[in-house]
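As structure tokens, the structure follows; a few thoughts come after it.
The values are calculated or read from the model by the stated rules, or taken from the named source; none is laboratory data. None of these values were measured; they are calculated from a predicted model. Ideal geometry is used to build each Cβ from the backbone, glycine not excepted, and the neighbour counts take in all protein chains shown. Remember, those area values only see protein heavy atoms, side chains included, never the ligands or the DNA or RNA. Shrake-Rupley method; radii C 1.70, N 1.55, O 1.52, S 1.80 Å.
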Amino acid sequence: MDIKNLQGSIVALVTPFNEDGSVDFDALAGLIDFHLEKGTDSILVLGTTGESSTMSHEEDDAVCDFTVKRVAGRVPVIAGSGSNDTETMRMKSLSYQKLGADGLLVITPYYNKSNEEGIYQHFKTVLDAVEIPCILYNVPSRTGCSISENNVKRLAQHPNALGIKEASGSIAYATNIARYLSDDFFMFSGNDDMVIPLMSLGARGVISVWANVDPAAVHNMTTAYLEGRHDEALKIQLDNLDLIHALFCETNPIPVKGAMEMMGLIKGVYRQPLWPMAEASAARVQQAMKEVGLLD
């Protein structure tokens, strides 16, 4: 599927697990169907929210393959192929491309970090190797390094660079890189609490954790903004801030998987070192969900 016009609500999908720690493909099928029914515009698997850093390459391939087949072309499927090892990221990217992913999410080299030219070459190596569009992922709180504004400018010129998932939390950084957006290079908010501010700078939508529990709201918010109904979009953003903040009261995806268990969507099983929420956090998430009508 051509994703050169990708926009709207892209869910950063959790990976559901069985009690024994294996991937729960029955639950994954249910989640995919849930998002297709509720209007999610694209599905991202194997990202941070998908706990991909704790999964084997074989499990990664199986999740990508299953998702592509289940979605069956109804919405774009994007696979997170990031690694701190450039060669691993290149090989994973080629594997997901072969399995039918429509696009890739590629990340800065966490832990290693590298220097500015090394980070540029890290991305360029993958962009040169694949034939499907890639979204750069800037999330310094997770990786310990950022994509410099100059590297964004350079990488934006690559024909396989579709855009950037901007999750630094810095409006100043987002404003500076907005100068490099074009019809061929997009921005997507990587922070659920900053979607409308980033869309005002030209972002096409969001790669969202929040959409795991309320896909319709995130779709409606981004659609309203894209259609020029800015006040309506802003109201949805502000009305859901307490829930959004609750979903990040502990390390992602701990709260959102707990919320999804409360909704009966998945089992609350994590890969260590992640662990279920503390009681106070669970109560906060539950209350926030009740306030927006997701729980009785």
- Message: For a 24 Å ceiling on Cα separation, which of these pairs sit above it: Lys69/Lys92; Lys4/Lys92; Lys69/Lys113?
- Response: Lys69/Lys113
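Which of rounded, prolate or oblate describes the stretch 170-209 when judged by the alpha-carbon gyration tensor and an a/c cut-off of 1.5?
Details: a/c = 2.13, a/b = 1.31, b/c = 1.62.
Taking the square roots of the gyration eigenvalues as a ≥ b ≥ c, the stretch 170-209 is oblate.
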- Task: Would you be so kind as to identify which of Met277, Ile171, Val292 lies farthest towards the positive end of the dipole of the stretch 159-296, taking Lys and Arg as +1 and Asp and Glu as -1 on Cβ and the Cα centre as origin?
- Result: Met277
- Message: If each residue of separation counts as 0.36 nm, what is the full-extension length gain between Thr125 and Ser56 once their alpha-carbon separation is subtracted?
- Response: 22.6 nm
- Message: I'd like the distance separating the alpha-carbon centroids of the stretch 103-176 and the stretch 213-271, in whole Å.
- Response: 25
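Could you work out the helix-only [θ] at 222 nm for the chain, with each DSSP H run of four or more residues adding -39,500 (n - 2.57) and the total divided by the number of residues, to the nearest 500 deg cm²/dmol?
-13000 deg cm²/dmol
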- Where in the stretch 265-296 does the label zone of Leu241 land, with the point 7 angstrom along Cα→C-beta and an amide N cut-off under 20 Å? 284-294
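Using 0.36 nm times the number of residues separating Glu227 and Asp184, minus their current alpha carbon distance, what extension gain do you get?
Numbers: separation 43, 0.36 × 43 = 15.48 nm, distance 1.99 nm.
Using 0.36 nm per residue and subtracting the Cα-Cα distance, I get 13.5 nm.
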- Message: With loop defined by DSSP as not H, G, I, E or B, and exposure as at most 11 other Cβ atoms within 10 Å, which is the longest segment of the chain clear of exposed GluC sites (Glu not before Pro)?
- Response: 20-130
- Query: Any idea which of Pro109, Thr67, Ser42 is furthest toward the positive side of the dipole for the stretch 31-143, if Lys and Arg beta-carbons carry +1 and Asp and Glu beta-carbons -1?
  - Reply: Ser42
- Query: In square angstrom, what is the accessible area per residue of the chain with a 1.4 angstrom probe?
  - Reply: 41
- Item | Computed lengthening from Lys267 to Ala72, 0.36 nm per intervening residue step minus Cα-Cα distance | 67.7 nm
- Student exercise, the stretch 90-245 dipole from Lys, Arg, Asp, Glu Cβ charges, in Debye to nearest 20: 580
- Counting only protein heavy atoms and using a 1.4 Å probe, what share of the accessible area of the chain belongs to carbon plus sulfur, as a whole percent? 48
- Förster radius 30 Å - calculated FRET efficiency between Trp275 and Lys153, Cβ distance, rounded to 0.05: 0.15
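Can you say what percent of the DSSP beta bridges in the stretch 15-136, counting only those with both residues inside, are antiparallel? Round to 5.
Antiparallel: roughly 10 percent of the beta bridges in the stretch 15-136.
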- Message: Give me a comma-separated list of calculated 3J(HN,Hα) values for the stretch 19-24, in order, Karplus coefficients 6.51, -1.76, 1.60 applied at θ = phi - 60°, integers in Hz, x for any Gly or Pro.
- Response: 4, 7, x, 6, 5, 8
- Cα gyration tensor shape for the stretch 223-296, rounded if a/c is under 1.5, else prolate or oblate: prolate
- So, with +1 on the Cβ of K and R and -1 on the Cβ of D and E, and no other charges, what is the size of the charge dipole of the stretch 8-63 about its Cα centre, to the nearest 20 debye? 320
- Please state the charge dipole magnitude for the stretch 38-177, taken about the Cα centre, from unit charges on C-beta atoms (+1 on K and R, -1 on D and E), reported in debye and rounded to the nearest 20. 320
